[in-house]
Each structure stands twice: as structure tokens, then as C-alpha cells.
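A.B. asks: Sharing a structure with you now.
We did not get these values from a lab; they are worked out from the coordinates using the rules stated. A quick note: this is a predicted structure, and the numbers were derived from the prediction, not measured. Here the Cβ is made from the backbone with ideal geometry for all residues, glycine too, and neighbour counts use every protein chain on show.
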Amino acid sequence: MTGTSDWSAWTLDGYRALVRTAKERFYFATYDERPLEPHVLWRHDIDYSVHRALKLAEIEADEGVRTTHMFMLNIPFYNLLDYDLQVVARKIIALGHRAGLHFYVDTRRVEKWSEEELSARMEQDRTILSDLLEAPVDVVSYHDPTAGGLIDFNADTMSGMVNCYSARLQRDYEYCSDSNGHWRHRPIPEVLSDPAHDRLHVLTHPAWWADEAMAPRPRIEAALHEHSRWIMKEYDDHLARSGRENIRT
């Protein structure tokens, strides 16, 4: 635990402040760049909400930086086969951000992946995601990297995509993350301000950054309720377009 109930930094305003702190010292690079100047590789693993990711993407675009948004195909919290979610995801890319694959499989059925099986599955998911987003997908990150032995696959590239868990990135970059919605390790703001580091690899998860301050679990609830409201709006709009009665009681 963090030992604090002050969640005031974990808001959209707090996220904007984080980006502003970062861009004072660092160039926001993409994974296919190798700049000599101080730079940060900044990615979002989208575990819960594409809508939350769009809000962060809009802040980033407004601040003049671009990041990499890692989308899943098969996760209980959202489904990119839903066309309307594809529209939201494409808005993120249209803002100038890059798309990546957040690779997730049901590892309960695979105790240990072989390189051949893993590469084939990744290539399949990459093709589907690229088609859905109408954008190139050149980066991959693992969801739950210790499951199924994924963390052992640390080559620079996997199935033609830059591997966020490569030995090179782990060796050459200072890494920090907002995992679980509290600072389990060194806080990102502290790392950003440390003059000892000039190459950073930052991982954030959009659902942790809420409209107002709250504890981690309520942030996830808020993100999921936001999705539910969006689905109900689609229901209401459909009936209105069809000229049908919307019976509420």
C-alpha cells in the first residue's frame, strides 16, 4: 500500500501535469526511433477502457506530444470487434498517436508457450488489429507477462513488432509504471524529475486517470460505468433513428 488516501494526483488534470513535467526534459519518441537527445517511450496498456484512452490521447495531442496506445482484442472489459469502439480507437490514431498490440491470451490453457506458437498467434492478432484500426501495428506489449512464460521472450522484435519487454529496452531505459493505480514502485513524477536518467520507458493505464480524485477500485468502476452509459446511449439513439417508442417504465 502507498500509506496515503490522497488520490488528488490521479485525475485528468494530474495526468496533464505529468505530461507537462515530462516534456520539459524529454522528447516523446516512438519505438522505432533512436534519438540521441533525452527522450521517453510512453505507452498506454489499455486494459479496461478505450474511452479513457481517448481522453488521455486528447490531453497529449493538446500538449503537442504523441504516445503509443496498446489495444487488446480479447479482454472481458471491452471488445474491439464492436464497430463503435473501433471508431473511438481510430480517433486516438487520428490525433497522431501510434497503435500497438497489447497481447493477451487465455494462458490457463497454455502452461508454457513455444516461440513458434507465440509468433503465429501474435501475427494473427496483429493482422486483425491493424485491419480494425486501419493503421499499422508495429509494437507489442504483453498483458500479464509472467503468465505462460511470456516474459522469457525478450528478443528486440516479436512477429515483426518492437517488443516492449525486450532485453534491450530493459537494459537501456529506466522503467516506471502506474500499475494497480498506486505507486507500487518509484512514482512516475519522481522518475521524470530525476536528472540521473535521460532515457525513460513509461507505462500508464488510462483507467487509472479519472475525472475526479478517488481510490483505485472506484476508478475502474467509473470507467466501466462510462462504457455502460455509452452503450445505453447507443440503444436510445437507435430507437430514435428508427422512430420507435422508447419505453422506460
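A.B. asks: Once phi is turned into θ = phi - 60°, what whole-Hz ³J(HN,Hα) does the Karplus curve with 6.51, -1.76 and 1.60 give for every residue of segment 31-38, x standing for Gly and Pro?
C.D. replies: 5, 9, 9, 10, x, 7, 6, x
A.B. asks: Turning to a different aspect of this structure: Let's test the formula: R0 of 45 Å, r as the Cβ-Cβ distance of ASP156 and GLU245. What FRET efficiency results, to the nearest 0.05?
C.D. replies: E(calc), rounded to 0.05, equals 0.15.
A.B. asks: Return a single number: how many Lys pairs in segment 12-242, at a sequence separation of 8 or more or on separate chains, have alpha-carbon atoms below 28 angstrom apart.
C.D. replies: 5
A.B. asks: Can you tell me what share of the DSSP beta bridges in segment 8-89 is antiparallel? A percent to the nearest 5 is fine.
C.D. replies: DSSP beta bridges in segment 8-89 are roughly 25 percent antiparallel.
A.B. asks: Could you give each residue of segment 225-233 its phi-based ³J(HN,Hα) in whole Hz, using Karplus coefficients 6.51, -1.76, 1.60 with θ = phi - 60°, and x for Gly or Pro?
C.D. replies: Residue by residue, segment 225-233 yields 5, 4, 5, 4, 5, 5, 5, 5, 5 Hz.
A.B. asks: If you rank CYS164, CYS176 by fewest surrounding Cβ atoms within 10 Å, what's the result?
C.D. replies: On the way: CYS164 26, CYS176 23.
By the 10 Å Cβ count, ascending, the order reads CYS176, CYS164.
A.B. asks: Please rank MET161, MET232, MET72, fewest neighbouring Cβ atoms within 10 Å first, as an exposure proxy.
C.D. replies: Ascending number of Cβ neighbours within 10 Å: MET232, MET161, MET72.
A.B. asks: May I ask for the equivalent-ellipsoid semi-axes of the chain, computed as the square root of five times each C-alpha gyration tensor eigenvalue and listed largest first in whole Å?
C.D. replies: Numbers: eigenvalues 173, 116, 63 Å².
One finds semi-axes of 29, 24, 18 Å for the chain.
A.B. asks: Using R₀ = 30 Å, calculate the FRET efficiency as 1/(1 + (r/R₀)^6) where r is the Cβ-Cβ separation of ARG171 and LYS112; round to 0.05.
C.D. replies: After rounding, the FRET efficiency stands at 0.80.
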